[in-house]
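Down below is the structure, laid out as structure tokens.
The values are calculated or read from the model by the stated rules, or taken from the named source; none is laboratory data. As the structure is a prediction and not an experimental result, all values here were calculated from the model. Positions of Cβ are generated from backbone atoms using ideal geometry, with glycine treated the same way; all protein chains shown enter the neighbour counts.
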Amino acid sequence: MRPIVAIIGRPNVGKSTLINRLCQSREAIVHDQPGVTRDRTYQEGFWRDRNFKVVDTGGLVFDDDSEFLPEIREQAKLALTEASLALLLVDGQQGITAADESIAEWLRPYPCQVLLAVNKCESPEQGLSMAAEFWKLGLGEPFPVSAIHGVGTGELLDRVISLLPPKEKDVDEEDPIELAIVGRPNVGKSSLLNAICGEERSIVSSVRGTTRDTIDTRINSHGKIWKLVDTAGIRRRRSVNYGPEFFGINRSLKAINRSDICVLVIDALDGVTEQDQRLAGRIEQSGRACVVVVNKWDAVEKDSHTMALMEKELRSKLYFLDWAEMLFTSALTHQRVDSIFALAILAVEQHRKRITTSVVNEVIQDALSWRSPPTSRGGRQGRLYYGTQVAIRPPSFTLFVNDPKLFGDTYRRYIERQLREGVGFEGTPIKLFWRGKQKRDAERDLAKQQNDISS
């Protein structure tokens, strides 16, 4: 485990800006509005020869218990319990406030070391005098920095790594499987993440838009290392105003694109909505493996036929993902939550699956024997010469034909279905590229490939 540095402070002192600066990223949402960050979010940091993690926390307020503030304090406590170092960030332009003094006092019982950084000190000369005031907090030397411009951050990082535990020998670790939990607001994504992790990893509320950042969590399960990504609920674009929600949704869409597999969460009470269909289409177009999780199954009145009937109805609307496995769960009662990993492993294996050209052509020949390619009105018949797999993630195939225009959508879907029935590919989309080729050239290429395989 890499040492963890927890960034602590009151609202709007620049914690997320500092994290983006220290980690050389733009992952943390930065907006001129208090309370943008709510959950604790992690990023990878590196300085000189040290790797470490930096955890961003929400702004701490102790004299107010309004919406989300108690949950934000709880998330900060969890961050401190696992941190090797707490970095208290204050605002040099405002000077010491009662809130800063309260946070400094609150930090004292925790076993981790505390480092004090004074933000918004853009001028190196004035920064030292601005920072000097914060000696009164009794937390040692204050470091003047500017998170926006980077002033003083190198010196701060030098001090950070000097306070971290001794460096352990690096151990080669397999790349984690990145699993993105996506869906509309209030379908139970954060509850599902908490159920999987067995802890309050993400704030859960009935208020729409509670989750804003993408929340990364690493766990070991079923013999694999997973990077779970809880995302902000994705609403229709016209319903979203520019601000924290807009940035959160953009990060959610990026999480889909970079993931190995998506868990699309559907509300069992609402069924499939138009926005669910859009998300399903986005997952399919991005070429991601997928498991469809129907959450809140405990709240549905059911008998022995309810699950089969509902699955049939849901699949009729989620036709983009007819290849994805569907699981009925309850994040509240943990019903079938652990089964998500078994289906995810299968889907990821199929997403990375590669088959030989000879197997591809056996399936194609079998498909042709059952159903010949269509004939145009002018009497021209489609000819499918051979096919080969050209990529994985998702599995992609090039099919050589006499004229791609002779193969309509119906026959193309038939060939895809035959590939799935003959070889598998459960839980992953597959892509077919139809390329025109003269018959003589196609036969020569096929013979060459067959000779290469036999030799």
So, first residue at positive phi in the range 267-279, second residue modelled with pLDDT of 85 or more and not in a loop (DSSP other than H, G, I, E, B), Cβ within less than 7 Å, six or more apart or across chains; the pairs are 271/314
Just one listed residue, out of 421, 426, is out of contact with any strand residue (DSSP E or B) (no Cβ under 6 Å at 6 or more places or on another chain), among the charged types (D, E, K, R), surrounded by 14 or more Cβ atoms within 10 Å (Cβ to Cβ) and at pLDDT below 95, and it is 426
Across (1) acidic (Asp, Glu); (2) more than 35 Å from the chain's Cα centre (by Cα); (3) surrounded by 20 or more Cβ atoms within 10 Å (Cβ to Cβ), residue 105 clears everything bar (3)
Of the listed residues (365, 350), the one being assigned to a helix (DSSP H, G or I), farther than 24 Å from residue 196 by Cβ and not basic (Lys, Arg) is 365
Can you find a residue that is surrounded by 15 or more Cβ atoms within 10 Å (Cβ to Cβ), under 17 Å from residue 5 (Cβ atoms) and assigned by TED's automatic domain parsing to the domain that holds residue 16 anywhere in the range 121-136? no
Within the range 300-318, of all residues that are touching a residue at least 24 places away in the same chain (Cβ under 8 Å) and closer than 22 Å to residue 285 by Cα, the one surrounded by the most Cβ atoms within 10 Å (Cβ to Cβ) is 318
Counting only residues in the range 358-369 that are surrounded by fewer than 17 Cβ atoms within 10 Å (Cβ to Cβ) and touching a residue at least 60 places away in the same chain (Cβ under 8 Å), the one farthest from residue 411 (Cα to Cα) is identified as 358
In the range 398-408, is there at least one residue being of a type in the set (Ser, Thr, Tyr) and either assigned by TED's automatic domain parsing to the domain that holds residue 192 or in a loop (DSSP other than H, G, I, E, B) (or both)? no
Given the conditions (1) farther than 29 Å from residue 264 by Cβ; (2) in contact with a Gly (Cβ under 7 Å, 6 or more places away or on another chain); (3) not in a helix (DSSP H, G or I), every one holds for residue 386 apart from (2)
Restricted to the range 274-313 and to residues being in contact with an Asp or Glu (Cβ under 8 Å, 6 or more places away or on another chain) and in a loop (DSSP other than H, G, I, E, B), the residue farthest from residue 344 (Cα to Cα) is 296
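Take residue 354 and decide whether it is touching a residue at least 40 places away in the same chain (Cβ under 8 Å), surrounded by fewer than 12 Cβ atoms within 10 Å (Cβ to Cβ), under 27 Å from residue 325 (Cβ atoms) and out of contact with any helix residue (DSSP H, G or I) (no Cβ under 6 Å at 6 or more places or on another chain).
yes
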